[in-house]
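Enquirer: Take this structure, written in structure tokens, and hold onto it; I'll ask about it next.
The values are calculated or read from the model by the stated rules, or taken from the named source; none is laboratory data. Note that the structure is a prediction, hence the values are computed from the model and not measured. A quick note on method: Cβ atoms are made from the backbone with ideal geometry, for glycine too, and the neighbour counts reach across all protein chains shown.
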Amino acid sequence: MSNQVALTGNEAMAQAMKQINPDVVAAYPITPQTEVVQMFSQFVADGAVDTEFVTVESEHSAMSATVGAAAGGARAMTATAANGLALMWEIVYIAASTRLPIVMPVVNRALSGPINIHCDHSDAMGARDSGWIQLYAENAQEAYDNAIQAVRIGEHEDVRLPVMVNMDGFIISHAVENLELLADEDVKEFIGEYTAEHTLLDTENPIAVGPLDLQDYYFEHKVQQAEAMENAQKVVVEVAKEYKNLTGRGFEYFEEYKLEDAEIAILALASTAGTAKAAVDKLREEGVKAGLLKLRMFRPFPAKEVAKALSGLKAVAVMDRADTFSTIGGPVFADVRSALYDVKSDVEVVNYIYGLGGRDTTVEDLEFVYNDLQGIVNSGEVNKRVKYLGVRE
């Protein structure tokens with residue numbers, strides 16, 4: 001059974017955490033994530049969950065306490081955003097390297113400086129190579145759904161990796177939307193009980209966590225992480241299918257929107273995909289064969305599947321809400337172009353870096369991108385491979 005409600009993205013995420021009922025949550029407030037742990041702390045105070053809630057002095061401590069709890073065999077969670085994620089940096093890598101299936105909602109926000117509290121993806125993209133699985137949501141419903149699935153994905157015996165559940169700051173976190181919540185008992189049954197394979201608290205089988213790991217074994221442990229990421233691709237599909245059977249919602253690596261006969265398309269993450277759908281619908285009415293590929297899973301990157309979905313197009317624009325400052329494009333663009341190179345596709349791929357610091361991106365902005373793609377198709381030329389969308393000249 002499900003319950004139709006109107007909630008903000010932060011409220012939806014707090015409800016997901018309540019239904020997951022983790023053993024331990026360690027957290028520190030930061031805009032625009034604060035409400036997630038604030039509301040969850042109220043559930044703790046009301047006795048609605050069995051969670052041990054640990055208030056800490058910083059995000060570095062939040063991740064440290066979460067790692068300690070997970071190493072002790074607990075189902076552990078935290079949440080953060082932007083500079084908070086950056087302050088966790090050292091421990092974010094330790095969580096992944098220690099193979100701890102922590103689930104962490106990240107309410108995406110621009111990294112300083114200058115100081116900015118609004119949405120872009122520079123926080124999560126900065127952690128793209130840390131060894132965490134990364135899922136992105138278009139709206140509050142998908143953020144809620146991703147959080148519940150993340151538990152199963154991270155805890156799978158072939159994976160055992162932490163998972164970031166990303167949603168756009170303010171755009172999703174503070175906007176009220178209609179969505180469906182599962183019944184508590186359905187979530188409990190779906191995620192099941194968690195039993196860690198090795199724990200610090202197993203006195204019969206003592207272990208060391210986070211020991212010195214030099215030339216003899218470090219390399220092998222990193223390869224094991226890479227193998228776990230490969231395994232995660234299969235597990236994400238399995239969990240998504242099971243969740244869809246339960247709810248009727250969701251998709252695996254990405255959503256294809258009017259892509260089957262498209263000649264041009266945008267690839268986008270998160271809330272921008274909703275704006276792109278509106279642009280596609282408008283252009284379709286005008287006879288333009290436009291489409292959208294909305295990427296849900298960015299880490300591990302589903303290269304073969306993305307290449308297959310895009311290879312029949314004439315031109316595609318990859319939208320990046322973060323910059324690498326490499327001068328050759330954003331992080332998503334780099335992966336998409338690499339994937340298409342491997343299949344020797346003739347599709348022209350261009351990059352638009354957009355929306356930094358919360359700059360609004362409208363339907364008209366994305367229509368401009370589609371029109372640019374039409375120009376590439378008609379002329380057969382790309383004048384500039386990487387562009388910045390919506391910047392005042």
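Enquirer: Could you tell me how many of the residues in the stretch 271-309 are over 23 Å from Lys344 (Cα atoms) and in a helix (DSSP H, G or I)?
Expert: Qualifying residue count for the region: 14.
Enquirer: Answer yes or no as to whether Pro22 is modelled with pLDDT of 95 or more, over 18 Å from the mean Cα position of the chain (by Cα) and on the phi < 0 side of the Ramachandran plot. Full working, then the answer.
Expert: Numbers: modelled with pLDDT of 95 or more: yes; over 18 Å from the mean Cα position of the chain (by Cα): yes; on the phi < 0 side of the Ramachandran plot: yes.
Considered against the rule, which asks whether it is modelled with pLDDT of 95 or more, over 18 Å from the mean Cα position of the chain (by Cα) and on the phi < 0 side of the Ramachandran plot, Pro22 comes out as yes.
Enquirer: Return the residues of the stretch 293-317 that are of a type in the set (A, V, I, L, M) and buried (at least 19 other Cβ atoms within 10 Å of the Cβ); say none if nothing qualifies.
Expert: Pass one, the stretch 293-317, residues of a type in the set (A, V, I, L, M): 293, 295, 297, 303, 306-307, 309-310, 313, 315-317.
Correct list: Leu293, Leu295, Met297, Val306, Ala307, Ala309, Leu310, Leu313, Ala315, Val316, Ala317.
Enquirer: Is it fair to say Ser338 is more than 22 Å from Ala279 (Cα to Cα), among the hydroxyl-bearing types (Ser, Thr, Tyr) and touching a Ser or Thr at 6+ places or on another chain (Cβ under 6 Å)? Break it down stepwise before answering.
Expert: On the way: more than 22 Å from Ala279 (Cα to Cα): yes; among the hydroxyl-bearing types (Ser, Thr, Tyr): yes; touching a Ser or Thr at 6+ places or on another chain (Cβ under 6 Å): no.
No: the conditions fail for Ser338.
Enquirer: For the stretch 100-219, please list each of the helices (runs of 4 or more DSSP H) lying entirely inside it that holds at least 1 residues being out of contact with any His (no Cβ under 8 Å at 6 or more places or on another chain), in contact (Cβ under 8 Å) with a residue 12 or more places away in the chain and under 17 Å from Pro22 (Cβ atoms).
Expert: Details: elements: 122-126, 140-155, 184-191.
Output list reads 140-155, 184-191.
Enquirer: Considering Ala262, Ala268, which residue is assigned by TED's automatic domain parsing to the domain that holds Gly291 and part of a loop (DSSP other than H, G, I, E, B)? Before you say what the answer is, go through the steps one by one.
Expert: On the way: Ala268 fails: part of a loop (DSSP other than H, G, I, E, B).
The match here is Ala262.
Enquirer: Pull up the stretch 87-126, narrow it to residues that are under 16 Å from the mean Cα position of the chain (by Cα) and of a type in the set (Gly, Ala, Ser), then point me to the one that is surrounded by the fewest Cβ atoms within 10 Å (Cβ to Cβ). I'd like the intermediate steps shown before the answer.
Expert: Let us first name the residues in the stretch 87-126 that are under 16 Å from the mean Cα position of the chain (by Cα), namely 92, 96, 101-110, 119-126.
Subset that is of a type in the set (Gly, Ala, Ser): 96, 110, 122, 124, 126.
On the way: Ala96: 22, Ala110: 26, Ser122: 24, Ala124: 28, Gly126: 18.
Per the criteria, the residue is Gly126.
Here is a yes/no grid of residues against (1) under 21 Å from the mean Cα position of the chain (by Cα); (2) surrounded by 21 or more Cβ atoms within 10 Å (Cβ to Cβ); (3) in a helix (DSSP H, G or I):
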position	(1), (2), (3)
Met319	yes, yes, no
Phe325	no, no, no
Ala334	yes, no, yes
Ser338	yes, no, yes
Asp365	no, no, yes
Val377	no, no, yes
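Enquirer: Would you confirm whether or not the stretch 216-223 contains a residue that is surrounded by 12 or more Cβ atoms within 10 Å (Cβ to Cβ), in contact with an Asp or Glu (Cβ under 7 Å, 6 or more places away or on another chain) and not hydroxyl-bearing (Ser, Thr, Tyr)?
Expert: Yes, because at least one residue in the stretch 216-223 is surrounded by 12 or more Cβ atoms within 10 Å (Cβ to Cβ), in contact with an Asp or Glu (Cβ under 7 Å, 6 or more places away or on another chain) and not hydroxyl-bearing (Ser, Thr, Tyr).
Enquirer: I've got another one for you. Restricting attention to the stretch 69-86, which residues are in a helix (DSSP H, G or I) and surrounded by fewer than 19 Cβ atoms within 10 Å (Cβ to Cβ)?
Expert: Just the residues of the stretch 69-86 that are in a helix (DSSP H, G or I), to begin with: 69-71, 82-86.
The answer is Ala86, and nothing else.
Enquirer: A further question on this structure: Condition check: surrounded by fewer than 21 Cβ atoms within 10 Å (Cβ to Cβ), out of contact with any Asp or Glu (no Cβ under 7 Å at 6 or more places or on another chain) and closer than 24 Å to Met229 by Cβ. Does Ser64 satisfy that?
Expert: On the way: surrounded by fewer than 21 Cβ atoms within 10 Å (Cβ to Cβ): yes; out of contact with any Asp or Glu (no Cβ under 7 Å at 6 or more places or on another chain): yes; closer than 24 Å to Met229 by Cβ: yes.
Taking the combined requirement at face value, the residue satisfies it.
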